[in-house]
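Worksheet: the structure to be examined is printed underneath.
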Amino acid sequence: MNIEKLVRPNILRLTPYSCARDEFKGKSANVFLDANENPYTLQPKLNRYPDPLQENLKQEISRVKGVPASHIFLGNGSDEAIDLVYRIFCEPRVDNVVAIAPTYGMYEVSADINDVEYRPVLLDDGFQLNADKLIAATDERTKVIWICSPNNPTGNCMKREEIIKVLTKFQGIVVLDEAYSDFTQERPFRYELDQYPNLIVLNTMSKAWGCAAIRLGMAFASPEIIALYNKVKYPYNINILTQQQAHEVLHNLPKVQQWLTTICTERAHLVPSVAELPLCKRVYPTEANFFLAEVTDADRIYHYLVEHGIVVRNRNRVALCGNCLRITVGTPQENCELLSALRQYKA
Ligand SMILES: *Cc1c(COP(=O)(O)O)cnc(C)c1O
């Protein structure tokens, strides 16, 4: 596997921006007059540029995620980790990418922004991944395949053997988005990085970790791919407030574990309760903190819920998701309110 051959020539040639904090790698210093910062500030540290490579935070994430720090890139949400894949590997109007469909919308939006052809391949029955179909959609200009497991908006995990088939047969980058891996018993692929040099696994602090507002996404990959990410990213892409708050959550793991347990228990109650309602045709199996429900009239029920102050995601216009609502598992109180509103709905 030759990763370099997949990289855009301008990125290979690129001399990255060298910031003040990169340049000074000497002994400890306590007078910093190198970055034109203000020595005065309202709050300690906020006057200083943050660590461009977030070494301390990566050490902690490494311990929790079981991935060496050298295999970690941190981004301004997964959104940054997604966008950079295009900027590193895909020549606009020349290269293309293949993705499962339906899936998370940002892969396509980011392709459009970067002027890269996006080739969606419909999932099989049961929203399953068919490796041969995905690979059949590739050609010599396909740089990336996008897979999401557990998948958004369907909620199910892709079959392990099929993911492995894509990883071993496809001679390009495979991005596997595991944003929801904390909600499933499946073994995450981030532990298999050494076996698959073309694999990028995405994680986020926005879901299980309860930190959507701080915008912190992760890409796990070989050090070679991480070096490409670091070359292309904005110098100080993770601000210090985000880094501080991330440390805070990482020091409260029992709390996170408690949230996960509660959410999974709630999911186990909520899914069958929704499934038995007259307005519900079926709930698809889920291993995430949301579920996809096929209902009698998605548009009408969506607006009915909004009138009751409850917002769900209407996926009616998404391929294979006709008349489907995607519903996040909330607190016990919120789930009760949802169920009680749905029970009072008149067809
Ligand atoms: C919610 C979600 C994310 C998170 O994106 P952030 O930019 O990190 O908030 C990533 N991937 C999928 C599939 C998601 O559903």
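The values are calculated or read from the model by the stated rules, or taken from the named source; none is laboratory data. Because the structure is a prediction, the values reported are computed rather than measured. Note: ideal-geometry Cβ built from the backbone for every residue, glycine included; neighbour counts use all protein chains shown. What goes into the accessible areas is simple: the full protein's heavy atoms, side chains included, and nothing from ligands, DNA or RNA. Shrake-Rupley method; radii C 1.70, N 1.55, O 1.52, S 1.80 Å.
Here segment 48-89 is the region considered, the condition is being of a type in the set (S, T, N, Q) and closer than 21 Å to Tyr17 by Cα, and the residue that is surrounded by the most Cβ atoms within 10 Å (Cβ to Cβ) is Gln54. Within segment 190-233, the set of residues being among the aromatic types (Phe, Trp, Tyr) and without any contact (Cβ under 8 Å) to a residue 40 or more places away in the chain comprises Tyr196 only.
Which of the residues that make up segment 285-301 are open to solvent by 20 Å² or more (accessible area, probe 1.4 Å) and in a strand (DSSP E or B)? Of everything in segment 285-301, just one residue is open to solvent by 20 Å² or more (accessible area, probe 1.4 Å) and in a strand (DSSP E or B), namely Glu294.
Determine whether segment 5-27 contains at least one residue that is touching a Pro at 6+ places or on another chain (Cβ under 6 Å), of a type in the set (Ser, Thr, Tyr) and within 24 Å of Pro223 (Cβ to Cβ). Within segment 5-27, one or more residues are touching a Pro at 6+ places or on another chain (Cβ under 6 Å), of a type in the set (Ser, Thr, Tyr) and within 24 Å of Pro223 (Cβ to Cβ). The residue of segment 151-165 that is surrounded by the most Cβ atoms within 10 Å (Cβ to Cβ), among those that are of a type in the set (D, E, K, R) and farther than 27 Å from Thr261 by Cα, is Glu162. The set of residues from segment 166-183 being open to solvent by 20 Å² or more (accessible area, probe 1.4 Å) and either in contact (Cβ under 8 Å) with a residue 40 or more places away in the chain or in contact with a strand residue (DSSP E or B) (Cβ under 8 Å, 6 or more places away or on another chain) (or both) comprises Gln171, Asp182. When segment 184-198 is filtered for residues that are more than 16 Å from the ligand (Cβ to nearest atom) and either of a type in the set (Phe, Trp, Tyr) or surrounded by 21 or more Cβ atoms within 10 Å (Cβ to Cβ) (or both), the ones remaining, listed by number, are Tyr191, Tyr196, Asn198. If you go through segment 205-238 and keep only what is open to solvent by 10 Å² or more (accessible area, probe 1.4 Å), within 12 Å of the ligand (Cβ to nearest atom) and outside any loop (DSSP other than H, G, I, E, B), you end up with Ala212, Ala213, Ile214. From the list Pro16, Pro44, the lone residue that is modelled with pLDDT under 95, assigned to a loop (DSSP other than H, G, I, E, B) and surrounded by 10 or more Cβ atoms within 10 Å (Cβ to Cβ) is Pro16.
Among the residues of segment 107-150, those identified as open to solvent by less than 60 Å² (accessible area, probe 1.4 Å), of a type in the set (A, V, I, L, M) and out of contact with any strand residue (DSSP E or B) (no Cβ under 7 Å at 6 or more places or on another chain) are Ala131, Ile135. Selection over segment 68-115 of residues that are touching a residue at least 40 places away in the same chain (Cβ under 8 Å), away from the ligand (no atom under 14 Å from the Cβ), hydrophobic (A, V, I, L, M, F, W, C) and more than 26 Å from Gly322 (Cβ to Cβ) gives a count of 5.
The set of residues in segment 92-106 being in a loop (DSSP other than H, G, I, E, B) and buried (at least 17 other Cβ atoms within 10 Å of the Cβ) consists of Asp95, Pro102, Thr103, Tyr104.
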